[in-house]
Every structure is written in structure tokens, then in C-alpha cells.
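Nothing in this text is a laboratory measurement; each read-out follows from the coordinates by a stated rule. It should be emphasised that the depicted structure is a prediction, and the values quoted were computed from it without experimental measurement. Don't worry about glycine lacking a Cβ; one is built from the backbone with ideal geometry, like all the others, and counts go over all protein chains shown.
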Amino acid sequence: VGTDTGILTGFSGSSFNGNIHNSNGLTAQARIDLLKVYIHLNNVSVTHPGTHAPAFGNGETLTSGVYSTPGAGSVAGTLYLDGRGDPNPVFIIKFRGAFTAGAGSNIVLLNGAKAANVYWIAQGALSVGANSVIEGTLLAYPGEITLGVNSSIKGRLISSSGAITVATGAAATMPVAGAMNI
């Protein structure tokens with residue numbers, strides 16, 4: 001857990017497993033790396049022609065590739081990400097505004113899809129509702145990130161300039177593959 005400019009609070013006790021970095025050489029480099037990752041992900045061409053409707057989920061299945069919406073977007077219910085047996089499928093979902101995962105949302109990975117290869121990019125705030133299960137990296141550029149009560153993410157929470165709030169009973173764990181695979 002780290003910040004290059006903000007304040008870190010609440011990362012202590014037996015439920016926290018990791019290191020804390022605050023305004024040091026590592027966080028300065030992370031800030032530079034974050035900008036590079038955002039530029040790269042933003043520049044990856046959309047592979048699914050046209051723009052996706054702002055609402056994802058409700059039993060929908062996406063195959064690997066790059067999706068884009070022209071503004072804010074959301075996920076409701078269950079969204080399946082199907083790797084179709086590809087050994088390294090990548091999913092990039094771009095929002096030209098905020099992104100919200102509604103309460104009880106569930107991202108399900110199928111057929112080789114991996115949390116380390118799923119990227120949710122918002123040009124605004126990212127919010128995960130209570131009791132949701134999310135897979136992948138949440139990247140807010142710029143904007144804050146909120147992980148709701150009793151929700152979980154297997155992935156990363158990354159903000160260029162905003163608070164990251166993890167509510168009571170929520171959990172964030174690193175994906176199995178430690179490196180970002182893009």
C-alpha cells in the first residue's frame with residue numbers, strides 16, 4: 001500500500017498483510033509507472049467495434065479484447081469474462097467517465113481468464129457496491145476508488161489522484177500472477 005502525495009490510514013492489525021510506503025523513492029517511481037500504464041492501456045485499440053452500451057452484466061459474456069464506452073458505465077448482476085482457452089487472454093474495459101459496480105455484482109472468470117489480465121479503466125471515480133465480487137485491476141485516472149461493505153476484489157486498486165476507501169468487511173487480494181500482463 002502506498003501513496004506519493006496523500007495520507008495512509010487504517011492499514012494495521014492482523015487483517016493487514018503487506019508493506020506501507022509513503023512519499024519515498026518507491027512511490028515516486030510508482031507514480032511514473034502508473035502514468036506509463038495508463039497511457040499504454042488508453043492507447044490500446046478497441047478490438048470490439050463500436051462502443052459497448054454503458055451497462056455491462058446481467059448474465060452477459062465478454063470474450064477477451066478491448067471494450068470502450070463513451071462515458072460513465074456500470075456492471076450489474078453477473079458478468080462473465082470468457083478466455084476461450086487462450087493461455088493469456090487480456091480484457092480491457094475503458095470508461096470515458098466514472099465506473100460503478102452495483103451492489104451484489106459478480107465478475108466470473110471462465111476458460112483461462114485471469115484476474116491479472118483484467119483491467120477496468122475509468123476517467124473518473126470507481127465504485128464497487130456492497131457484497132460484490134470483482135476480478136481485475138481497477139484504475140481510476142483521475143478519481144477515487146471505493147470498495148463497498150463486504151465486497152472483495154482479486155486485483156489491484158490504483159488511483160492517480162484520489163482516495164482509496166476499503167469499507168468494513170471488504171477485502172482486496174493480489175491476483176495469482178504478480179505482474180501486470182499487458
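Observations, loosely collected:
- Shown in residue order for the stretch 88-105 are the 3J(HN,Hα) couplings computed by the Karplus curve 6.51 cos²θ - 1.76 cosθ + 1.60 at θ = phi - 60°: 8, x, 10, 10, 10, 10, 9, 10, 8, x, 5, 10, 10, 9, x, 3, x, 5 Hz (x for Gly and Pro).
- Residues whose amide H comes within less than 5 Å of that of THR100, counting only those at least five positions distant or on another chain, are GLY73, SER74, VAL75, SER127 (H built at 1.01 Å from N in the peptide plane).
- Angle between the chain longest axis and helix 25-43 axis [Cα atoms, degrees, rounded to 10]: 10
- Phi to ³J(HN,Hα) by Karplus 6.51 cos²θ - 1.76 cosθ + 1.60 over the stretch 47-56, Hz, x for Gly, Pro: 9, 9, x, x, 10, 6, 4, x, 9, 10
- The label point for VAL44 and the one for VAL108, both projected 7 Å from the Cα toward the Cβ, are 2.4 nm apart.
- Long-range HN-HN contacts of VAL108 with modeled amide H, under 5 Å: LEU79, TYR80, LEU81
- Directionally averaged projected area (convex hull, Cα atoms, the chain), nm²: 9.5
- For the stretch 60-164, the average shadow cast by the Cα convex hull is 5.5 nm², which is a quarter of the hull's surface.
- With a Förster radius of 22 Å applied to the C-beta separation of ASP33 and GLU144, the computed FRET efficiency comes to 0.65.
- Percent of C-alpha pairs per 5 Å bin, the stretch 73-122, short to long: 5, 21, 26, 25, 16, 7, 1
- Square roots of five times the Cα gyration tensor eigenvalues for the stretch 106-182, Å: 19, 16, 10
- Database remark: amide H of SER159 closer than 5 angstrom to the amide H of ALA140 (H placed geometrically; neighbours at sequence offset of 5 or more, or on other chains; Pro and chain starts carry no H).
- Evaluating 6.51 cos²θ - 1.76 cosθ + 1.60 at θ = phi - 60° for every residue in the stretch 71-80, the Karplus couplings come out as x, 5, x, 8, 10, 9, x, 9, 10, 9 Hz, glycine and proline recorded as x.
- Gaussian network model of the chain, Cα within-10 Å springs - most flexible of ALA76, ALA28, ALA130: ALA28
- Residue with peak Gaussian network fluctuation, the chain [Cα springs, cutoff 10 Å], from GLY136, GLY25, GLY71: GLY25
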